Amino acid sequence: MLEEVVFRIRYKRIKLFEAIKAFRFPIILGISMRVGYSLWMALIWYMVDGYFPLTEKALHETYYQLSRSTTLLGRSFIDVWLRWDAVHYMNIAELGYQGVGKEETVFFPLYPYTVGFLSHITSINVTLVGILVSSFFTILALICLYDLVLLQFKDENLSKLSTLLFALYPTSFFLHAPFTDAMFMFFTISSILMMEKREYMAAGILGCLAGLTRAQGALLLIPMFVYFIQDYWIDKKPIQWSRIIAMALIPLGTCAYILWRVYCGAPDIITSYKHFSGVIFQGPFTNLIKSALVIPRDPSYSRITEVISAVLFLAILIWMFSRKEFRKHIGIMLYCATTWILIISKSGVSGYGLQCVNRYVIHIFFAFVGLAFLIKDLPVRVKKFTKIGLILFNLINLMLYSFWIFIG
């Protein structure tokens, strides 16, 4: 009996080592980005900390009730990541919705409550836990993207390049910040990976968890339905009720949370976006044109780069739809196109559009595979220049982020 237990432990250990070896590229990439970002942000804040002697009132208006670091080291490595929505998520993680108010329920629960639970049982600073959780899910997302591309195209170099471009995109540092993006991208990509492997129940559960992380997790119903059509109308496979149930699971997370908000007396989600986040929705191309026309009058870095991001990803998606190798994965392509429409449709109540586009385009993860196709055969020197350029823009954006300059 003891020998059998020892054998099983050794077998599982061997399988784990094999998995780590198989995915060492995305694992090393994710860890390297985490370490590099932390050192860069700490260096920036170490140099400027003395120029921000904020009063307790100003600190409360900035961080609300959230616990903050009392040392320069803590402010440089931890608090420097508390910007914009990260402050709200960490307040929810530390205090729960009951401690922050109904208006904060516009932020979905799975990420902050996971961080809060881990912080509570470990007694570790909640923001540090948020940073570590985000980086952990970033590594998992990179692994899933690497595996998905390898499964679909049987090209290891393409898989590596796609993962690298996704990790180095100038706003991909948000994946390592205490935001929902890393957790959401893991559940999204892993759900689609399970669909590709025809593990529909696992895909449904992961899709449900994506919907508890961000509202657009429900959009995973699009590729799931396309895979269903391909199986039963094209490949003539018999219908199994377990797959119908798996499909129904995907919107369950988003719908359940929205219904819970209604039960608690919170306003509907669209009203919450409008009044709390200052966001309304209008036609994507109307939004894009309006935003482009504003640039000559107010050529800010954020507005210029948001228009560039919107146009760049639209161009990549159009090119991908024109290619047979991508049309084979029409479910994922439709998901990415719908995601583009959704994020370009968000506009500020003031009339200026393209809210947070720089950040949200990383959710169109399959576009990075298309981008990898476009540059994989370019000269080595051009590819190196591209990678260096992405890293430099990352460092610039991180510096702006640390100074509370809005970039996504």
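Computed quantities for the displayed model
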read-out: Rg followed by Dmax, in Å, when segment 133-289 is reduced to its Cα trace; value: 17.6, 52
read-out: Charge dipole (debye, nearest 20) of segment 17-146; +1 at Cβ of Lys and Arg, -1 at Cβ of Asp and Glu; value: 340
read-out: Most to least packed among 179-192, 77-90, 383-396 [average Cβ atoms within 10 Å]; value: 179-192, 77-90, 383-396
read-out: Only Lys, Arg (+1) and Asp, Glu (-1) charged, at Cβ; segment 259-399 dipole about Cα centre in debye; value: 420
read-out: Percent accessible area from carbon and sulfur atoms, segment 157-250, protein chains only, probe 1.4 Å; value: 69
read-out: Largest to smallest principal axis extent of the C-alpha atoms in segment 24-112, angstrom; value: 42, 36, 17
read-out: Inter-part distance where segment 338-408 and segment 190-265 are each reduced to a Cα centre, Å; value: 27
read-out: Coarse-grained scattering of segment 119-188 at q = 0.22, 0.23, 0.28 Å⁻¹, given as base-10 log I(q)/I(0) from a Debye sum over alpha-carbon atoms; value: -0.89, -0.94, -1.17
read-out: Charge-dipole axis of the chain as Lys and Arg at +1 and Asp and Glu at -1 on Cβ define it, positive-most pick from Leu252, Gly207, Phe153; value: Phe153
read-out: Accessible surface, the chain, averaged per residue in Å² (probe 1.4 Å); value: 48
read-out: Accessible heavy-atom area order of Val369, Val311, Val294, highest first, probe of 1.4 Å; value: Val311, Val294, Val369
read-out: Lys/Arg +1, Asp/Glu -1 at C-beta; the chain dipole; positive extreme among Ala182, Ala93, Ile131; value: Ala182
read-out: Gyration tensor (alpha-carbon) shape descriptor, segment 234-337, a/c threshold 1.5; value: oblate
read-out: Helical contribution to [θ] at 222 nm, DSSP H n ≥ 4, -39,500 (n - 2.57), averaged over the chain, rounded to 500; value: -22000 deg cm²/dmol
read-out: With eigenvalues of the C-alpha gyration tensor scaled by 5 and rooted, the chain, Å; value: 32, 27, 25
read-out: Convex hull volume per residue for segment 78-224, taking Cα atoms only, in Å³; value: 115
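The values are calculated or read from the model by the stated rules, or taken from the named source; none is laboratory data. Bear in mind the structure is a predicted one, so any value in this text is a computation, not a measurement. Don't worry about glycine lacking a Cβ; one is built from the backbone with ideal geometry, like all the others, and counts go over all protein chains shown. What goes into the accessible areas is simple: the full protein's heavy atoms, side chains included, and nothing from ligands, DNA or RNA. Shrake-Rupley method; radii C 1.70, N 1.55, O 1.52, S 1.80 Å.
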